[in-house]
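These notes concern the structure reproduced below.
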Amino acid sequence: MAKHRITLIPGDGIGPEVSLATQRCIEATGVSVEWETVHAGADMMETAGTPLPDNVIASIRKNKIAIKGPITTPIGSGFRSVNVALRKELDLFACLRPCKSYPGITACHSLIDLIIVRENTEDLYAGIEFEANSPEANALVAKIRELDPKARFNPHPAISIKPISQAATERIVRFAFETAIANKRKKVTAVHKANIMKCSDGLFLRTAREVASRYEGRIQFEDRIVDNMCMQLVQRPREYDVVVLPNLYGDIISDLCAGLIGGLGVAPGANIGDTVALFEATHGSAPKYKGLNKANPTAMILSGMLMLRHLGEIAAADRLEGAVAKVLAEGRSVTYDLKADRYDKTAVGTSQMADAIIKVIKG
Ligand code: NAD
């Protein structure tokens, strides 16, 4: 059996605990893996002087496949997001977030099986921002007034720029259609606010329609305005299949969908580029649970399951997903957040939930 060389970034906060649980569950499937563990995050500031040392990027580039625990981003000041930097540096242009209901999890809907495809490289996340009253923001306001005399500003605005390009939109929409085909799905829905942002979201919608025309007869296509989409997803999530969105709407709607299936603790994800794929849970580093063996490992274990599928290890992925589903359905050996009562004394820890999953895998 071919050995897979995989970069493992444990992350910080609850990252190392959920990463270890995931590593153990993947190994239990019998897949042959050689882990290359490298470290990024807040803890590296002290030893390496940067939260993202060069060897992390080098390892991912070399192995082309990585799985990562969550990494803390300081709010308002301090270093920029390691997560955003990794996506940019490795051109991981697609964020894939399957949202699937598993019996046993308390959620407002059942039988949901949606795939969210979020554009990862542009939009308001491009990081082009100008502080209120800075010379740059003032110069920009003056330039915009020169270009568009009708432009109205309140005094001294902070400005964030929202670039949307045809090339990036075409790439992400094509990715959504190819994902639909690979997963035997029927429909792609593009989400936008083209009625208001006629230039940026207008371009996104026109490009999505053009790409969709190439798949006519194979995959259905429709579009929705983002506010309406939020309501539709809350009321009728089963009507949707593959949903493709620009970066910011994708970020918000993927969390909304995680909420629909039972919360961040069970929502896996992947960031995918042309040559490299990085798998990670949707949730963050939950610093208050660091080192307590309390965090729910499901989202990260299911991210590992997506990684096995990506590697073509379909039987192992099915076994892992089946074992997670069984443990969730039984509802006994699960973490506190999956119990009906969060203070239920029968809740188990992160590593004990992994033990239960491994026991099912090994039959
Ligand atoms: P969070 O996801 O860490 O926590 C949100 C809530 O969910 C908290 O109440 C937390 O305790 C709970 N929670 C999260 N994961 C859980 C799990 N596995 N089991 C049980 N409960 C869980 O989001 P936040 O508080 O907004 O962010 C904390 C830090 O994580 C921030 O620094 C943020 O920037 C970072 N973050 C990182 C990533 C990533 O690495 N991809 C993603 C999101 C946030």
- Task: Any residue in the stretch 272-300 that's within 18 Å of F93 (Cβ to Cβ): show its pairings with residues that are aromatic (F, W, Y) and open to solvent by less than 40 Å² (accessible area, probe 1.4 Å) at Cβ separation under 6 Å, as long as the two are six or more apart or on different chains.
- Result: G273/F93
- Task: State yes or no: is G269 modelled with pLDDT of 95 or more and away from the ligand (no atom under 11 Å from the Cβ)?
- Result: no
- Message: Any residue in the stretch 177-199 that is part of a loop (DSSP other than H, G, I, E, B) sitting within a Cβ distance under 9 Å of a residue that is open to solvent by 70 Å² or more (accessible area, probe 1.4 Å) and of a type in the set (S, T, N, Q)? List the pairs, counting only those 6 or more apart or interchain.
- Response: K186/Q220
- Item | Verdict on Y125 being in contact (Cβ under 8 Å) with a residue 60 or more places away in the chain, open to solvent by 20 Å² or more (accessible area, probe 1.4 Å) and closer than 20 Å to G304 by Cα | no
- Item | 2 or more residues touching a residue at least 40 places away in the same chain (Cβ under 8 Å): qualifying strands (runs of 3 or more DSSP E) within the stretch 1-114 | 4-9, 65-68, 94-100
- Task: Name the one entry in V82, V18 that is within 11 Å of the ligand (Cβ to nearest atom), at pLDDT below 95 and open to solvent by less than 50 Å² (accessible area, probe 1.4 Å).
- Result: V82
- Message: Could you tell me how many of the residues in the stretch 137-164 are touching an Asp or Glu at 6+ places or on another chain (Cβ under 8 Å) and either assigned to a helix (DSSP H, G or I) or surrounded by 16 or more Cβ atoms within 10 Å (Cβ to Cβ) (or both)?
- Response: 4
- Item | Y336 being open to solvent by 10 Å² or more (accessible area, probe 1.4 Å), of a type in the set (F, W, Y) and more than 21 Å from P70 (Cβ to Cβ) | no
- Message: I need the full set of residues from the stretch 273-282 which are among the β-branched types (V, I, T) and open to solvent by 30 Å² or more (accessible area, probe 1.4 Å), in order please.
- Response: T275
- Which of the residues that make up the stretch 19-34 are under 26 Å from K326 (Cβ atoms) and out of contact with any Gly (no Cβ under 6 Å at 6 or more places or on another chain)? L20, A21, Q23, R24, C25, E27, A28, T29, G30, V31, S32, V33
- Of the residues that sit in the stretch 283-310 and are touching a Ser or Thr at 6+ places or on another chain (Cβ under 6 Å) and not in a helix (DSSP H, G or I), which one is surrounded by the most Cβ atoms within 10 Å (Cβ to Cβ)? A295
- Message: Name the residue that is nearest to V191 (Cα to Cα), counting only residues in the stretch 229-249 that are open to solvent by 60 Å² or more (accessible area, probe 1.4 Å) and in a helix (DSSP H, G or I).
- Response: M231
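The values are calculated or read from the model by the stated rules, or taken from the named source; none is laboratory data. What you are looking at is a predicted structure, and each value in this text was computed from that prediction instead of being measured. Here Cβ is always computed from backbone atoms with ideal geometry, including for glycine, and neighbour counts include all displayed protein chains. Calculation scope for accessible area: heavy atoms of the full protein, side chains included, ligands and nucleic acids excluded. Shrake-Rupley method; radii C 1.70, N 1.55, O 1.52, S 1.80 Å.
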